[in-house]
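The values are calculated or read from the model by the stated rules, or taken from the named source; none is laboratory data. In this text, all values refer to a predicted model and were calculated from it rather than measured experimentally. We place every Cβ from the backbone using ideal geometry, glycine too, and count neighbours over all the protein chains shown. Please note that ligands, DNA and RNA were not included when accessible areas were found on the heavy atoms of the full protein model with its side chains. Shrake-Rupley method; radii C 1.70, N 1.55, O 1.52, S 1.80 Å.
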Amino acid sequence: MTSQTTGPGYVGSSVRRREDERMLAGRGRFLADHAAGAHHVAFVRSTQAHARITSIDTSRAEQMPGVLGVFVAKDLGLADTPIPELTTPDPAFAAATSCVLAKQRLPILATDRVYYVGHAIVVLIAEDRYRAEDALEAVDVQYEPLPPVTEPLAALEPAAPVLFDHLDGNEAARIEFAFGDPDRAFAGAHCVVENTYRMNRHGAVPLECRGVAAEFDARRQRVDILTSTQVPHMVRNAICAVTGWPHEDIKVSVPDVGGGFGTKANVYAEEIVLPVLARHTGLKLIWVEDRQEHLVASAQGRDQIHRARLAVDDDGRILAWADDFIVDIGAGSLWVAGIVANTAIHLLGPYRVPAVHVKGRAALTNKTLVAQYRGAGRPEATFALERSLDAAARQLGISTEQIRRRNLLTAADLPYPQPIPYRDGVPIVYDGGDYLACLDSVLTSLPPSETERCAATHPDHRVGYGLSSYLEATGRGPHETARLRLLPNGHVEVMAGAASAGQGHETTFAQVAADALAVPFERVHYVASDTERLPDGVGTFASRSAILAGSAVHQGALELIELATARARTLLGAAEVRYADGAFHADGRVIGWDALAAAQRVGGDDEGGGALDVSTVFRVCTVTWTMGVHAVILGVHRRTGVVKVLRYAVSHEGGREINPSIVEGQIIGGVAQGLGGALFEQWSYSKGGEPQSTTFAAYHLPLSTDVPRVRVEHLYVDTPSNPIGVRGAGESGTIAVYAAVASAVDDAIGGTFHVDSTPIATGDLCRALDAVAS
């Protein structure tokens, strides 16, 4: 068989998103839209950060009108049962980095002890949401308070109260590696800067909160689950691990999802409890999280402290870099291995760094659990390294541009190996094009000279310019799946294991398939998969969907052509069939997909020949790397200290863009989230562990007026490591924002002010402005 290698050119074209017509017309089908006929589930959650449960009285709630059942963990066979971890490091990586994980055992439903405010204790079912909410207030839980641990540094001290009885401390993970001779380099360096940097706790806060629906299918003896997740196969696997049910007893499906950003790339207690409850009761059930519940109980992110040291020579060239960081994972994290490893690896940055010493630990505290929020360790690592570079530049009296120009890897340096493996155990090799070119590009897109014009139009602000580089590993394996099948009308249906949470999979995966099949875009239809129609998959996170799932779709299309060609040989009675221009050719005769579909029908020439249906697995050896530079111009109000972002630009390396408009939208959306974390967002806790950010009056999000137009420049880099030549871009917009904004604030205020934490405190800026004025 031969086939053409280039399709109609849909890949690389800004095809209009298919999702938009449905979504903008209000015809999206989100989790809450599936409530018809379902009974409502609600959870009684802990009001204490750390306490023993002395009694649970559900009698009043059980007697209330409309209440169908009230359950504690032992009623459902979930007493003291945790959710298994979602990822563990490769043995080669663990050995090279001394990566060790503690065994976490946070109960799905608390039985005799609670570990954070929001920890689920009791679950109840009512005829509607109103009765369920009323019944929650009738459940009486009595506590014996225990000493709370809320600061990660204090949590790791030997004298700290140990939260979990099966552990001898509060350390959930640790990692350490070194290369070169950092001690010698620091001892002989012309300039050494050191500081402590903190990125406070914040997270995704997607437009749609989480939700789960579950129904027991008595005919098939199966539980059908609908959940707003990015990882349906992980959800299924976790349910099976907890319950012992075989995979065939569960089907997990994903509706339209209103944003995920990592918060929904997690497995939650509710996703275990509802299917168990549905099977236990035989009822159709739904739980929809409200916003206050989300702000208290859904996974949060960031919350890292970095103690950093950077040594440079008199020209600003890096000699050594050391960082000792702590991640506060709250009462637990199923992704702790990924967060700690991501942070450690990305501390190396896009620079020539001859000597390195990195140490990291994860601390358990009495805060809400943590998951991977957009970037998952990369923004925190970038903040520590880029802020250290800015500090060194100031001490040497050179610009932030100059110090980066002298250290960024160039085309002559790349590919650039590092002496440690990636998380998959494969040695790290940066496979980029020219990192210095990204700096030149962003300086052209947003030149520092624009600062003067901005200052002239904003005289009530002190105006500054900031830069930040970043590096990101994208397309983490080990694999992803896809399925393509010929429909009776001659069109092709496509599905992939990576669930969509707003990334435009309906459009981009159809573009990939249409190109590979060389058929019109209108003849390809992407549908959301489930764990029955596509039994295996990994999920959407870590800038991996386009690379892994997109390549699986491409590979599946070629396999479908191969299968169909064999069928065409039979129908045409030809020994040799050539596939080109979306049809099958032999001896001057041509048949298309319509004819193949017609032949499969009852009475057709290929009746009983079997479906043209292909499931495929695409595997990668290791990640591919992206890099970029962000530039920002902002103003600090002279009287109030309020920061106003005036201009923003991103220049980033990437492979082929399946849909350039969608890539640009991903970058711009990422910048908006980064600005929120840099300037506004923080989940605060009292010393007793009570959450202080339980409404949007206390948890401040950026408004549309806080985000300027973002200029995006895409620098193409050949990417032969996957068949469609793409690299990830889902997190590129977020990673460098925090450091770029901090750099610009420093520049605006001048003097000796140096931002070392986010969100940047307006009070600190007011005091710094007063000092400058005096």
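Tell me, what % of the accessible area of the range 528-624 is carbon and sulfur with a 1.4 angstrom probe?
Numbers: 1990 of 4050 Å².
Of the solvent-accessible surface of the range 528-624, carbon and sulfur hold 49 percent.
Need the full-extension length gain, Asp183 to Asp764, defined as separation in residues times 0.36 nm minus the C-alpha distance. One decimal, nm.
205.7 nm
Along the positive direction of the dipole of the range 309-368 (beta-carbon charges: Lys, Arg +1; Asp, Glu -1; about the Cα centre), which of His346, Ala311, Trp335 reaches farthest?
The Cα lying farthest towards the positive end belongs to Trp335.
Which sequence of Lys103, Lys284 reflects their accessible areas, 1.4 Å probe, from the largest down?
Lys103, Lys284
Full extension from Thr444 to Arg105: what is 0.36 nm times the residue separation minus their Cα-Cα distance, to one decimal in nm?
Full extension of this stretch gives 116.9 nm more.
Distance between the C-alpha centers of the range 734-774 and the range 295-332? Whole Å please.
Value for the Cα centre distance between the two parts: 18 Å.
With every protein chain left in place, what is the accessible area of Tyr143 in Å² (1.4 Å probe, nearest 10)?
50 Å²
Cut-off 17 Å, label point 7 angstrom out along Cα-to-Cβ of Asp217: give me the residues of the range 608-634 whose amide nitrogen falls inside.
Residues passing the 17 Å test: none.
How big is the C-alpha Rg of the range 352-417 next to the rule-of-thumb value 2.2 N^0.38 Å, as a ratio?
So the range 352-417 has a normalised radius of gyration of 1.49.
Of all accessible surface on the range 103-175 at a 1.4 Å probe, what whole percent is carbon and sulfur?
Carbon and sulfur atoms account for 46 percent of the accessible area of the range 103-175.
Compare the peptides 162-173, 529-540 by average per-residue count of other Cβ atoms within 10 angstrom and give them in order, highest first.
Top of the packing list down: 529-540, 162-173.
Please identify which residues in the range 105-149 have an amide N closer than 15 Å to a label point set 7 Å out from the Cα of Gln63, following the Cα→Cβ vector.
Taking a point 7 Å out along Cα→Cβ of Gln63, the residues of the range 105-149 whose backbone N falls under 15 Å are 135, 138-140.
Only helices at least 24 Å long along their axis, Cα-based, and averaging -0.5 or more on Kyte-Doolittle count here, so list those DSSP H runs from the chain.
Helices meeting the span and hydropathy rule in the chain are 378-396, 550-572, 660-679.
Stretch Ala92-Glu522 to full length: gain in nm at 0.36 nm per residue minus the Cα-Cα span?
Working it through step by step, the gained length comes to 150.2 nm.
With θ taken as phi - 60° and the coefficients 6.51, -1.76 and 1.60, list the Karplus ³J(HN,Hα) couplings across the range 179-187 in order, rounded to whole Hz; mark glycine and proline as x.
Calculated HN-Hα couplings, in order: 8, x, 10, x, 4, 5, 5, 5, 5 Hz.
Where the centroid of each part is defined by its Cα atoms, how far is the range 16-95 from the range 126-202 in Å?
Result: 23 Å between the Cα centres.
Within the set Lys74/Lys687; Lys264/Lys284; Lys264/Lys687; Lys74/Lys284, which residue pairs have Cα atoms separated by over 25 Å? Please list the in-between numbers first.
Values: Lys74/Lys687 32 Å; Lys264/Lys284 23 Å; Lys264/Lys687 28 Å; Lys74/Lys284 21 Å.
Violating the 25 Å Cα-Cα cut-off are Lys74/Lys687; Lys264/Lys687.
Can you compute the modelled spin-label distance between Val429 and Glu133, with each label point 7 Å from Cα toward Cβ, in nm?
5.8 nm
At 222 nm, what helix-only mean residue ellipticity would the chain give, in deg cm²/dmol to the nearest 500, using -39500 (n - 2.57) for each DSSP H run of four or more?
On the way: 21 runs with 217 residues, N = 774.
One gets -8500 deg cm²/dmol as the mean residue ellipticity at 222 nm.
Mind checking Rg over Rh on the range 536-666, alpha carbons, Kirkwood formula for Rh?
Over the Cα atoms of the range 536-666, Rg/Rh equals 1.27.
Taking the simple approach of a point 7 Å from Cα along Cα-to-Cβ for both Asp165 and Asp314, what is their distance in nm?
Between Asp165 and Asp314, the label points sit 6.5 nm apart.
Over the range 664-747, what is the relative contact order in whole percent, taking alpha-carbon pairs under 8 Å and six or more residues apart?
47 percent
Out of these labelled values of Rg and Dmax of the Cα atoms in Å, (1) 27.6, 85; (2) 46.8, 158; (3) 27.3, 92, which was calculated from the coordinates shown here?
Correct label, based on the coordinates given: (3).
Would you compute, for the Cα atoms of the range 227-277, the largest minus smallest coordinate along each principal axis and list the three values in descending order, in whole Å?
In descending order, the Cα extents are 31, 18, 17 Å.
What accessible area per residue comes out for the chain, rounded to a whole number of Å², with a 1.4 Å probe?
Heavy-atom SASA per residue in the chain reads 36 Å².
About the Cα centre, and with charges only on the beta carbon of Lys, Arg (+1) and Asp, Glu (-1), how big is the dipole of the chain? Nearest 20 debye, please.
Using Cβ point charges on Lys, Arg, Asp and Glu, the chain gives about 440 debye.
Please name whichever of Val745, Ser757, Tyr716 sits farthest to the positive end of the charge dipole of the range 695-774, dipole taken about the Cα centre and charges placed at Cβ: Lys and Arg +1, Asp and Glu -1.
Highest projection toward the positive end goes to Tyr716.
Considering only Ala172, Phe325, Asn200, whose Cα is most displaced toward the positive end of the charge dipole of the chain, charges sitting on Cβ of Lys, Arg (+1) and Asp, Glu (-1)?
Checked the options; the winner is Asn200.
Using a 7 Å offset from the Cα along the Cα-to-Cβ direction at both Phe696 and Asn489, what is the distance between the two label points in nm, to one decimal?
Distance between the two pseudo-spin positions: 3.9 nm.
Less than 18 Å apart at the alpha-carbon level, and either on another chain or at least 8 residues along: which aspartates and glutamates does that give for Lys251?
Glu215, Asp217, Asp224, Glu270, Glu271, Asp530, Glu532, Asp536
Leaving out ligands, DNA and RNA, what percent of the accessible area of the range 671-774 is carbon and sulfur, probe 1.4 Å?
With neighbouring chains kept in place, the figure for the range 671-774 is 52 percent.
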